[in-house]
Amino acid sequence: MEVEESYIMIKPDGVQRGLVGEIISRFEKKGFKLKGLKLFHCPKQLAEEHYKDLSSKPFFPKLITYITSGPVVCMAWEGVGVVASARKLIGATNPLQAEPGTIRGDLAVQTGRNVVHGSDSPENGKREIALWFKEGELTEWTPVQTPWLVE
Ligand code: DAT
Ligand code: MG
């Protein structure tokens, strides 16, 4: 498997409910590498661009209102297979169908308040990180734990 990047975002409900540390720690403990992190109140235009594939859905206006309703935590995570693995850690879109042990399965009850976003493909991981982070906001570094995580 390839080293990939995933854009993970704690949505406004996750921030307002005090779940930031809990959610970040799940990706940290798994062993992925954090490359970018910021608290950010996103403008409508950015939310619309991020979710442009869903623009024809009836729930789109509500989705944009929700995502722009308060600050979000933007993160760039790197690792081998991080995109699919992060989606598993996050769980199904509808939190009532998400398995216990997943973020949505443990921490949320409604699709419209599902606390976290994760990129659905390596291509979208790159696209979304480029969309949400400016030049200079990402950091290249080598965690000391790397040799204890990968052979
Ligand atoms: P995911 O966030 O699991 O990748 P998605 O990309 O299909 O799911 O949709 C993006 C977000 O849009 C999702 O997290 C919540 C919202 N959404 C999706 N389907 C919805 C629906 N049927 N009703 C209300 N909101 C929905
Ligand atoms: Mg999606």
Q: Considering only segment 28-60, state which residues are within 23 Å of ALA84 (Cβ to Cβ), within 16 Å of ligand 1 (Cβ to nearest atom) and in a helix (DSSP H, G or I).
A: HIS50, LYS52, ASP53, LEU54
**Q.** Unmet criterion (only one of (1) within 14 Å of ligand 2 (Cβ to nearest atom); (2) of a type in the set (D, E, K, R); (3) under 26 Å from PRO143 (Cβ atoms)) for ASP106
**A.** (1)
Q: Kindly indicate the residue of segment 91-103 that is open to solvent by less than 20 Å² (accessible area, probe 1.4 Å) and within 20 Å of CYS74 (Cα to Cα) and also nearest to ligand 1 (Cβ to nearest atom) among those meeting that condition.
A: GLY91
Q.
Exactly one of these conditions fails for GLU137: (1) open to solvent by less than 50 Å² (accessible area, probe 1.4 Å); (2) touching a strand residue (DSSP E or B) at 6+ places or on another chain (Cβ under 8 Å). Give me its number.
A. (1)
Q.
Of everything in segment 61-87, what is open to solvent by 30 Å² or more (accessible area, probe 1.4 Å) and either in a loop (DSSP other than H, G, I, E, B) or out of contact with any Asp or Glu (no Cβ under 9 Å at 6 or more places or on another chain) (or both)? Give them in sequence order.
A. PRO61, LYS62, THR65, THR68, SER69, PRO71
Q: Search segment 107-126 for residues being in contact (Cβ under 8 Å) with a residue 12 or more places away in the chain and part of a helix (DSSP H, G or I), and hand back the single one that is farthest from ILE8 (Cα to Cα).
A: LEU107
Q.
Restricting to segment 109-134, and then to whatever is under 20 Å from PHE59 (Cβ atoms) and open to solvent by 30 Å² or more (accessible area, probe 1.4 Å), can you tell me which residue is farthest from ligand 2 (Cβ to nearest atom)?
A. VAL109
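The values are calculated or read from the model by the stated rules, or taken from the named source; none is laboratory data. Since the structure is predicted, the reported quantities are computational estimates derived from the model, not experimental observations. Ideal geometry is used to build each Cβ from the backbone, glycine not excepted, and the neighbour counts take in all protein chains shown. For the accessible areas, the whole protein counts, side chains as well, though only heavy atoms, and no ligand, DNA or RNA atoms are used. Shrake-Rupley method; radii C 1.70, N 1.55, O 1.52, S 1.80 Å.
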